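To start, the structure itself, in structure tokens.
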Amino acid sequence: KQRVHHRPQNCCLTAEEHVETQYGKVHCIMTGTPRANRPAILTFHDVGLNHKSCFEPLFKHEDMQEIIRRLPICHVEAPGQHEGAKTLPTAYSYPTMDQLSEALPSVLKHFGLNSVIGLGVGAGAYILARFAVSKTPSQFDIYIYYIESCRESITEWTHTLPDTIITQLFGKEEIQNNHDLIATYRHHITTTMNQSNVSQFFRSYKQRTALEVERPIPGGNVNVRTLKCSTLLVAGDNSPAVEAVVDCNAKLNPTKTTLLKMADCGGLPQVDQPAKLTEAFKYFIQGMGYLSSASMTRLRSRTTSSSSLMSFDGPRSRAHTNELQHGRTQSVGTEEKRGRSHTDISMDSISNVNQNMSKSTEVAC
């Protein structure tokens, strides 16, 4: 059954549907009208969250409205993870992460989406990445915009389900100091989500297999398994996943990947710093040739000079950085503590992620 809502602030039409796939129905919210010459934004949430709790702080931010007016948005929610979801039948076999990625073409076909910009968090980012790795070039154009994309495997479940999810979403510092934020998300997990369904999605995520991607080597095998789309990895410097994201970056194609570390930011950058994340998103989209007239506040970003090489060519700054020592990069928020020198660079390095770069770009802001 389809429910249609009007959103006066954006003059957009929103359709809410359960889309049939080969692995059961997935709950989707489509906002705006797809256009043949522009991509849609395709979102997928993390474990314990749904499209509202995961992305609403970002999409409701005033700086995001310019993007919303120009690009349609399709929110995809894993089976049983939407608000008010009934407990899944006992006989229902919850899809694996691979199967959830295989369900995405049915969603795109249903809404007539031929080109998408993937926006994923945690489990959702893994699902989008799995889809991007396995798809054939003739199927869909997909660009991955990761937030906390490569969390380490969860080996133990020693707390209650809400506590376990909280420790995966937020860093220790956040849990200890930001009591209001933690209380808000704990309340959401315990009161608006179906606990039985969440545990099944969580178990599926725990049992995921490695992406098994490999960084292409110049002069080597150019047909290695990797993400062939432009990719922006984002992680807060206080996130529990930051090291895993850095490691993930080291395995991706350096000519198509940018790593953005956000200072004074925890496990959910879209909640902590939606304005800065929106700005990075705008540059990323501009780098693909869209929203060329979008207004920019021209944020400044920094990168560790002790472990990077800087070059500037042409009227717009393009930062080329080496892989950081031991796969790590320092953020601005820790420069006083660690005594590292930093060099300002323009956020244009993100807009150039789609260009012909010889090194991977690693930015801290």
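A few notes on this one:
- Accessible surface calculations at 1.4 Å, restricted to protein heavy atoms, place the stretch 14-294 at 39 Å² per residue.
- Between Asp180 and Glu66, the modelled labels are 2.9 nm apart [label points 7 Å from Cα along Cα→Cβ].
- Entries in Lys60/Lys251; Lys228/Lys276; Lys25/Lys276; Lys86/Lys261; Lys206/Lys251; Lys86/Lys172 that, when Cα-Cα distance is taken, lie over 31 Å: Lys60/Lys251; Lys25/Lys276; Lys86/Lys261; Lys86/Lys172
- Rounded to the nearest whole Hz, the Karplus-based 3J(HN,Hα) values (6.51 cos²θ - 1.76 cosθ + 1.60, θ = phi - 60°) of the stretch 93-108 follow the sequence 9, 5, x, 6, 4, 4, 5, 5, 5, 6, 7, 4, x, 5, 5, 5, with x at glycine and proline.
- Sites Thr160 and Val224, calculated FRET efficiency, Cβ-Cβ separation with R0 51 Å, nearest 0.05: 0.75
- Placed amide H near Thr258: partners under 5 Å, 5+ positions off or other chain: Thr231, Leu232, Leu233
- With a simple spin-label model that places each label point 7 Å from the Cα along the Cα-to-Cβ direction, the separation between Thr191 and Ala91 comes to 3.6 nm.
- Phi to ³J(HN,Hα) by Karplus 6.51 cos²θ - 1.76 cosθ + 1.60 over the stretch 53-59, Hz, x for Gly, Pro: 5, 8, 10, 4, x, 6, 6
- For the stretch 14-294, convex hull of alpha carbons as volume per residue, Å³: 130 Å³
- Extended-chain gain in nm, criterion 0.36 nm per residue less alpha-carbon gap, Ala250 and Ala36: 73.6 nm
The values are calculated or read from the model by the stated rules, or taken from the named source; none is laboratory data. What you see is a predicted model, and the numbers here were worked out from it, not measured in a lab. Methodologically, a virtual Cβ is constructed for each residue, glycine included, from the backbone with ideal geometry; neighbour enumeration extends over all protein chains shown. Side chains included, ligands, DNA and RNA excluded: accessible areas come from the protein's heavy atoms. Shrake-Rupley method; radii C 1.70, N 1.55, O 1.52, S 1.80 Å.
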